[in-house]
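Working notes, structure below.
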Amino acid sequence: MSLPILTFFNNKRGVGKTSLLYHLAWMFAELDKRVVAVDLDPQANLTAAFL
C-alpha cells in the first residue's frame with residue numbers, strides 16, 4: 001500500500017510554512033484522513049499550535 005506524503009520546505013524565514021501545514025493537517029483530519037504532522041523546527045511553533 002502506497003501512502004501519499006506531502007512535504008513543505010523553504011529555507012527562507014516568514015513564508016507561512018507553519019500556518020499552511022497546520023491548516024492543511026486540520027482540514028485533512030476533518031475529512032477523516034489520517035494525518036501525521038512532524039515539526040522539525042527548533043522553535044516548535046507547529047507543536048505549540050496543535051497543543
Karplus (6.51, -1.76, 1.60) ³J(HN,Hα), θ = phi - 60°, over region 29-44, in Hz, Gly and Pro reported as x:
5, 5, 8, 6, 9, 7, 10, 10, 10, 9, 9, 9, 6, x, 6, 6
Taking 0.36 nm per residue of separation between V35 and T47 and subtracting their Cα-Cα distance, the length gained on full extension comes to 2.9 nm
Additional length obtainable on full extension of the chain from T7 to S19, 0.36 nm per residue less Cα span
2.9 nm
Qualifying trypsin sites (Lys or Arg not before Pro) in the chain, DSSP loop, other Cβ atoms within 10 Å at most 12:
K12, R13, K33, R34
Counting only protein heavy atoms and rolling a 1.4 Å probe, one gets per residue an accessible area for the chain in Å² of 97
Hydrodynamic radius by Kirkwood, which averages 1/r over all alpha carbon pairs of the chain, in angstrom
12.0
Got a number for carbon plus sulfur as a percent of the chain's accessible area, 1.4 Å probe?
60
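The values are calculated or read from the model by the stated rules, or taken from the named source; none is laboratory data. Remember, predicted model here, so these are calculated numbers, not experimental data. Glycine also receives a Cβ, built like all others from the backbone with ideal geometry; neighbour counts cover every protein chain displayed. Keep in mind that these areas ignore ligands, DNA and RNA; they rest on the heavy atoms of the full protein, side chains included. Shrake-Rupley method; radii C 1.70, N 1.55, O 1.52, S 1.80 Å.
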